[in-house]
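Here's the structure, in structure tokens; my notes come after.
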Amino acid sequence: FYLLFQGLRQISQRTISTASRRQFENRVPEKQKLFQEDNGIPVHLKGGVMDALLYRVTMGLTVFGKADTKIFMLWCNFQRATV
């Protein structure tokens with residue numbers, strides 16, 4: 001049992017030590033400048049092309065879902081009962 005515990009401890013230390021060597025560039029000030037800029041664009045679209053695409057796809061799916069639900073409700077309401 002002790003050897004298993006030692007092995008797990010060595011693996012966890014090795015994983016943590018290799019993960020801490022990576023250095024990432026701090027891009028927070030750039031993003032803050034981009035999103036706080038007053039250019040008339042809504043904040044949810046300031047991220048660029050991917051934000052605009054994601055917004056349009058989301059709105060399209062929402063409109064389609066709403067229309068599909070309305071059609072289904074109408075279809076259910078006007079169905080004839082077969083007895």
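Yes/no matrix, rows are residues, columns are (1) over 18 Å from the mean Cα position of the chain (by Cα); (2) at negative phi; (3) outside any helix (DSSP H, G or I):
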position	(1), (2), (3)
K33	yes, yes, no
M50	no, yes, no
K70	yes, yes, no
M73	yes, yes, no
R80	yes, yes, yes
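Among the conditions (1) surrounded by fewer than 10 Cβ atoms within 10 Å (Cβ to Cβ); (2) modelled with pLDDT under 70, Q13 misses just one, which is (1). Is it true that R27 is open to solvent by 100 Å² or more (accessible area, probe 1.4 Å) and modelled with pLDDT of 90 or more? For R27, the condition - open to solvent by 100 Å² or more (accessible area, probe 1.4 Å) and modelled with pLDDT of 90 or more - is met. Taking each residue of region 32-43 that is among the aromatic types (F, W, Y) and looking for partners that are open to solvent by less than 70 Å² (accessible area, probe 1.4 Å) with beta-carbon atoms closer than 6 Å, six or more apart or interchain, yields F35/K46.
The values are calculated or read from the model by the stated rules, or taken from the named source; none is laboratory data. If you're wondering where the values come from, they're calculated on a predicted model, not measured in any experiment. In this analysis, Cβ positions are derived from the backbone assuming ideal geometry, glycine residues included, and neighbour counts consider all displayed protein chains. Just so you know, the surface numbers come from the protein's heavy atoms only, side chains and all, with ligands and any DNA or RNA stripped out. Shrake-Rupley method; radii C 1.70, N 1.55, O 1.52, S 1.80 Å.
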